[in-house]
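Derivation of every value follows stated rules applied to the coordinates shown; laboratory data play no part. Everything quoted here is computed from the prediction, not taken from an experiment. Every residue, glycine among them, receives a Cβ derived from its backbone with ideal geometry; neighbour counts consider all protein chains shown.
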Amino acid sequence: PAAPLFAAVDIGASSGRVIVGNIGSGEVSLEVVHRFPNGVMEHPAPEHGSLHWDLDGLFDQVLVGLAAAAEYAATVVGQIASIGIDTWAVDYGLIDADGAMAGPPFSYRDGRGAKQVVSVHERISPEQLYQTTGLQHLPFNTIYQLAAEQAAGQDLTARHALLIPDLIAFKLTGVRRAESTNASTTGLFDAVAGEWATEFLAALGLPAELFPPLVEPGDTIGTLRPEIAAHTGLPATTTVVAVGSHDTASAVAAVPAAGKNFAYISSGTWSLVGVELAIPVLSEASRLANFTNERGVDGTIRYLRNVGGLWLLSESMRSWDEAAASAGTVAPSLTELLVAAAAEPPGGPRIDVDSQEFIAPGGMPGRVRAAVHAKGGALDTRPAAVVRCILESLAAAYAATVREAAELSGQAVEVIHIVGGGSQNELLCQLTANATGLPVEAGPVEATALGNVLIQARAAGAAPATRGELRAVVAASHQCVRYLPIS
Ligand code: ADP
Ligand code: LRH
């Protein structure tokens, strides 16, 4: 029979890819068969101004990628056995009984959630919320976005809220499920029981059936709808298998750590900085430090903080690109910027990368400078200086977060693993080693897709059982780059 292959659909806030994973003799190899850009889009008139994801466009790209996966499988005499889907967290689409979607999903960068924080907290106190969900307070958590739907008069009865990966799985299979790692980012999920926090749905007047039944990573969601199989050329038997559908859950599952005493930084649009635990930390100190207890694969706890990320850099670059285009010039590339930033003197001004003032798009270099000025500092307009400020500030935030994660959880940390797109940023990795005083192991870049593939492979009996063994498969397949602290 043809060798089983596993297709990972991994869509981040800045780009998506469809990757085919092949497991063989203790190693895993990946073939990227399709890449596509992603980004927030502003709603066209008459609703001009609100921020959304182009879900229809993304789904078209998923289909292109799956067709490419089928074609690739044929060339290596393999067969796609299953598909796993992961994306960023918290956002969702509303689906009616017929499966129709009420407009493109909102992006968490839209300000509508922040406007509902006070009214939600009047009904459920922040202490109660944390006791049950263990979730970091972020103004865009699903719970606040749903309150915004109510405030806008949106009819939520007879509808399902499907988080983005669940929505894509629904479009592929017709089956409505909620995968638990991503459900844990809603603010409506009980971190200890591993179930929906139905008392909070009731307290907010949300329908009890708003979310579909939960599934765990490794569970089968359904089989491809016949028209999707025909369209993509995938076998009619291809299943969609739940993985850590929260991209960060898949990334953490594939951190190539050898022992237990490690911290991870999943570095992309955001930086997810923390440790893996067996049970949640729901203390008042943890709430005040704004740490989250998100669910990981195998019921683990991803004890982490969502720290600002490379959005600050990519959004700055977008501004410089726009300015250069209107001046008829060309802005420096990412590589050029990082080389120039590395030559800047250390110890310059820093910003609070977690500040809410950086969530919305637009004019990022100006906002970074304004934040420096607000603290009495000065930052000149040269892109290299701005990039150095962003990276120094990120590294300082990583160091503080790793220290606090260890203190609040009691988990010892001897090494930091950086995975995701940001693991290629040598300056950021070195600054992180310097700021933490710990060795940094960088890579793999595609940890999220690896975690996605490995959980599917394990469900099919093609990968080992324990998380440690899965991590060993990643370590055997990937050479990390090591950065030692330089004082
Ligand atoms: P997300 O999943 O949130 O879309 P990724 O994990 O794909 O994010 O990471 C994207 C980020 O990785 C970019 O914003 C960029 O800063 C960084 N990056 C990508 N390629 C490189 C590179 N060659 N060198 C340094 N940094 C890179
Ligand atoms: C990273 C991520 C992160 C969430 C944010 C909304 O892609 O999923 O874990 O906090 O997006």
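Near V215, the amide H atoms lying under 5 Å from its own belong to A178, E179, S180; only residues 5 or more places off or on other chains count, and H is placed 1.01 Å from N. By the count of other C-beta atoms within 10 Å, a proxy for reagent exposure, D54, D380 are ordered fewest to most as D380, D54.
Under a model in which nothing but the beta-carbon of Lys, Arg (+1) and Asp, Glu (-1) is charged, the stretch 55-139 shows a dipole of about 300 debye around its Cα centre.
What fraction of the Cα pairs in the stretch 354-427, stated in percent, has a spacing above 20 angstrom? Value for the stretch 354-427 (Cα pairs over 20 Å): 45 percent.
Amide H contacts of L135 (H built 1.01 Å from N, in plane; Pro and chain starts excluded): N293 sit under 5 Å, all sequence-distant by 5 or more or on other chains.
Pairs of Cα atoms nearer than 8 Å and 6+ residues apart set the relative contact order; for the chain it is 16 percent.
Among residues other than T248 with Cβ under 10 Å from its Cβ, the summed charge is -2 (Lys and Arg +1, Asp and Glu -1).
Taking every DSSP bridge with both residues inside the chain, close to 70 percent are antiparallel. Round to a whole angstrom and tell me the spacing of the C-alpha centers of the stretch 414-431 and the stretch 82-137. So the two Cα centres are separated by 30 Å. Against the empirical 2.2 N^0.38 Å (N residues), the stretch 301-391 has a Cα radius of gyration ratio of 1.12.
As a length-normalised measure over Cα pairs under 8 Å and 6 or more apart, the relative contact order of the stretch 1-64 settles at 23 percent.
What net charge is computed for the residues neighbouring V440, neighbours being all others with C-beta under 13 Å from the C-beta of V440, Lys and Arg scored +1, Asp and Glu -1? Combined, the nearby Lys, Arg, Asp and Glu give -2. Each of L428, L206 was scored by other Cβ atoms within 10 Å of its Cβ. Listed from fewest to most, they are L206, L428.
Reported to the nearest whole Å, the Cα centre-to-centre distance from the stretch 307-360 to the stretch 222-288 is 28. Ordering A341, A102, Y92 by the projection of their Cα atoms onto the charge dipole of the chain, which places +1 on the Cβ of Lys and Arg and -1 on the Cβ of Asp and Glu, puts A341 at the extreme positive end. For the chain, the spread of Cα coordinates along the three principal axes comes to 60, 54, 54 Å, biggest extent given first. Amide H contacts for I80 (H built 1.01 Å from N in the peptide plane; partners 5 or more residues away or on another chain; cut-off under 5 Å): L5. For the stretch 229-308, the Cβ-based charge dipole about the Cα centre amounts to some 80 debye (Lys, Arg positive; Asp, Glu negative; other atoms uncharged).
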